[in-house]
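Q: What follows is a structure written as structure tokens; I'll ask about it next.
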Amino acid sequence: MNVNHLPPEVLTNIFSCLTKLDLLRNTSQVCSYWNGVALCSDLWIILNLIKFSDEDFDLCFQHFSRIGQFVQNLLIKSDHLMKLFSNGINYDLPNIANLQIINYLPGNERDVCLNIVNSYPKLTSIRLRIFRSADFVGCITVFNRVQFRDFDISISKGANETILNQCLDQFISKQRDLRSLSIQSSDVQNQTICKTLRHATQLNDLVLSNCTGIDSQSFDGLINPCHLTSIDLTSTNVDDDGINNIASTAKNLKTLHILFCPKLSDVGVKYIAEHCTRLENLQIYNIPAVGSGIQLYPETLKALGSGCSQLKHLCMVNCPKLDDTGIRNLVEHCTDLKFLEIQSECFSNDGLLAVSEYSKCLFHIDIIGLDFDVTTIEHLLLNHRHLRFVSINRCENLEKLNLIKNQQLLCFVEKRRSLIEKHSHVKKIEFLNSDMNESSLEQLVTFCPDLRSISCSGNEMLDQKEEIENIFRKSRFLKKINMGGQVCQRKDFIYRRK
């Protein structure tokens, strides 16, 4: 069958596996039929130009007259956006609804925002990075006439706090359907957030990252019930009372990030466990070398596991009292965990074994703790076929790794199932402070045929070129081996000779 006889819908589905640059440089040049499908279809609804070089952008620039009408989501660098405006190409993108500008606007911010509003009448979502809050005041007066669903603003340098907060109050008061709000500025005050939460009753996602002027007063007047499902309080001064206000009103909360919040303690975590029964994503990061903060005692984790049994994504970093007993108390209830990150000097082999026993749906595990035994690593890999990423800082006797021999010792996988699933699907493994030899590497690549990357600390094999080449030949997809900071690339061993 001739490929040109395929209907456009089928070709579009095939072309969706290609990058935008492949579509422009190659696919559109094959024939007129492919050109029509590649440049005039739904392939261009999302256009990400962030990683485009100036040369790549110029190539895309030449085709905006054809592809522009399909673009609805545009991610772009500020200098490239300025080039669109200076050449009048901005009007070739009439259907833009989501605009994300990743770096700072290059001066004349108010004029830039005016151009954005005039050029994209369907705009409902925007992300901006502004250097000074004084420039933000000019921008926000322009945005007052636009009804946003998603608004994301980051301001690096402060100016007049009073004027900024007044303008932000005025902007929020005119937004009738705001669903997602992200503000990153140390100048934002409690009263502004308090008014925002009272007015934007449809708000689902709230990000207040790096708003150091925010504390628990911002959440004193939360409307009950509150529609918030996701809150990011990174680097704020919210305390346990503030968490209690949030948890007791936001009954549908699914995502909560409390990173580097020095005024929080285990009491706040217990409030979360009591009220947030639907929580799926929780991230707790303590400030290093600070005695106060969230300790995560065993009884705290037991309460968290019992109250938030639907947790799927959990990060607990720099929590001094996080130990094996606490982890076991948690994972006995949270059996649906898929993403787990733990950093604690009290977490050791018994805790990792408990994770391996109870968390059967793990997809990603990142552990930094005490030394772990090779048998626990074997147990983890043999019993978790969903794993894609494994990172463990220290492992003893990793040279004795023997996955193939120990397949018959599977403890939690039924025998009939083990006969079918003889491999792990891990794609990336990191043993950051552990040595590996040729035998253990062969075990890994044989049992984990989907591996793309291996990292370990040992470098005794660096001079054994034939052994490294043998490892690459045994693994179809392995691209690199990082040993003690020295990276061995597949292309340097397999493709160096024709």
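Q: Any residue in the range 40-56 that is among the polar types (S, T, N, Q), at pLDDT 85 or above and in a helix (DSSP H, G or I)? Steps first, answer last, please.
A: As a first pass, look at the range 40-56 and keep what is among the polar types (S, T, N, Q): 41, 48, 53.
Next cut, at pLDDT 85 or above only: 48, 53.
Among the residues that remain, those that are also in a helix (DSSP H, G or I) are: none.
No: zero hits.
Q: Something else now. Out of all the residues in the range 14-28, is one or more of a type in the set (D, E, K, R) and touching a residue at least 40 places away in the same chain (Cβ under 8 Å)?
A: Of the residues in the range 14-28, the ones of a type in the set (D, E, K, R) are 20, 22, 25.
Next cut, touching a residue at least 40 places away in the same chain (Cβ under 8 Å) only: 20.
Yes, there is a match, as at least one residue in the range 14-28 is of a type in the set (D, E, K, R) and touching a residue at least 40 places away in the same chain (Cβ under 8 Å).
Q: Report, ordered by the first and then the second residue, all pairs with beta carbons closer than 7 Å, sequence separation of six or more or different chains, a first member in the range 353-365 that is within 8 Å of Val331 (Cβ to Cβ) and part of a helix (DSSP H, G or I), and a second member that is open to solvent by 50 Å² or more (accessible area, probe 1.4 Å) and modelled with pLDDT of 90 or more.
A: Ala354/Arg328; Tyr358/Glu332; Tyr358/Thr335
Q: I'd like to know if the range 223-237 contains one or more residues that are touching a Pro at 6+ places or on another chain (Cβ under 8 Å), free of Cβ contacts under 8 Å to residues at least 40 places away in the same chain and over 17 Å from Gln202 (Cα atoms). Spell out how you get there, then give the answer.
A: Restricting attention to the range 223-237, the residues satisfying the condition of being touching a Pro at 6+ places or on another chain (Cβ under 8 Å) are 237.
Within this subset, residues satisfying the condition of being free of Cβ contacts under 8 Å to residues at least 40 places away in the same chain are 237.
Now restrict to residues that are over 17 Å from Gln202 (Cα atoms): 237.
Yes: the range 223-237 contains one or more residues that are touching a Pro at 6+ places or on another chain (Cβ under 8 Å), free of Cβ contacts under 8 Å to residues at least 40 places away in the same chain and over 17 Å from Gln202 (Cα atoms).
Q: Is it the case that some residue within the range 80-90 is among the β-branched types (Val, Ile, Thr), at pLDDT below 80 and either assigned to a helix (DSSP H, G or I) or open to solvent by 30 Å² or more (accessible area, probe 1.4 Å) (or both)?
A: yes
Here's the yes/no breakdown for (1) in contact with a helix residue (DSSP H, G or I) (Cβ under 7 Å, 6 or more places away or on another chain); (2) more than 23 Å from Gln147 (Cβ to Cβ):
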| residue | (1), (2) |
| --- | --- |
| Pro8 | yes, yes |
| Thr12 | yes, yes |
| Cys17 | no, yes |
| Thr27 | yes, yes |
| Phe57 | yes, yes |
| Leu75 | no, no |
| Asn98 | no, no |
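Q: Now for a separate question. Identify all residues within the range 232-265 that are within 23 Å of the chain's Cα centre (by Cα), surrounded by fewer than 22 Cβ atoms within 10 Å (Cβ to Cβ) and not in a loop (DSSP other than H, G, I, E, B); write none if there are none.
A: Across the range 232-265, the qualifying residues are Asp232, Thr255, His257, Leu259.
Q: Can I ask one more? Sort through Ile96, Ile101, Ile67 and tell me the only one that's among the aliphatic types (A, V, I, L, M), open to solvent by less than 40 Å² (accessible area, probe 1.4 Å) and within 23 Å of the chain's Cα centre (by Cα).
A: Criteria check complete, one pass: Ile101.
Q: Sticking with this structure for a sec: Go through the residues of the range 375-384 one by one and say whether even a single one is farther than 19 Å from Thr446 by Cβ, touching a residue at least 24 places away in the same chain (Cβ under 8 Å) and surrounded by fewer than 22 Cβ atoms within 10 Å (Cβ to Cβ).
A: First, pick out the residues of the range 375-384 that are farther than 19 Å from Thr446 by Cβ: 376.
Still in the list and also touching a residue at least 24 places away in the same chain (Cβ under 8 Å): 376.
Still in the list and also surrounded by fewer than 22 Cβ atoms within 10 Å (Cβ to Cβ): 376.
Yes: one or more hits.
Q: Related question: All but one of (1) open to solvent by 20 Å² or more (accessible area, probe 1.4 Å); (2) assigned to a helix (DSSP H, G or I) hold for Leu18; state the number of the condition that does not hold.
A: It fails just one condition, (2).
Q: Provide a single number: the residues in the range 171-192 that are open to solvent by less than 40 Å² (accessible area, probe 1.4 Å), closer than 23 Å to Lys122 by Cα and part of a loop (DSSP other than H, G, I, E, B). Before you say what the answer is, go through the steps one by one.
A: So in the range 171-192, the residues open to solvent by less than 40 Å² (accessible area, probe 1.4 Å) come out as 171-172, 175, 178, 180-183, 185, 187-188, 190, 192.
Subset that is closer than 23 Å to Lys122 by Cα: 171-172, 175, 178, 180-183.
Remaining after also requiring part of a loop (DSSP other than H, G, I, E, B): 175, 178.
The total comes to 2.
Q: Restricting to the range 149-170, give me the number of residues that are at pLDDT 90 or above and open to solvent by less than 30 Å² (accessible area, probe 1.4 Å).
A: Number of matching residues: 1.
Q: Please pick out the residue among Leu410, Leu419 that is open to solvent by 70 Å² or more (accessible area, probe 1.4 Å), at pLDDT below 80 and of a type in the set (A, V, I, L, M).
A: Unique residue meeting the criteria: Leu419.
Q: Which one of Ile429, Ile468 is open to solvent by less than 60 Å² (accessible area, probe 1.4 Å), part of a helix (DSSP H, G or I), touching a strand residue (DSSP E or B) at 6+ places or on another chain (Cβ under 7 Å) and at pLDDT 65 or above?
A: Going through Ile429, Ile468 in turn, just one is open to solvent by less than 60 Å² (accessible area, probe 1.4 Å), part of a helix (DSSP H, G or I), touching a strand residue (DSSP E or B) at 6+ places or on another chain (Cβ under 7 Å) and at pLDDT 65 or above: Ile468.
The values are calculated or read from the model by the stated rules, or taken from the named source; none is laboratory data. Remember, predicted model here, so these are calculated numbers, not experimental data. FYI the Cβ positions are ideal-geometry reconstructions off the backbone, even for glycines, and counts take in every protein chain you see. Accessible surface areas use protein heavy atoms only, side chains included; no ligands, DNA or RNA. Shrake-Rupley method; radii C 1.70, N 1.55, O 1.52, S 1.80 Å.
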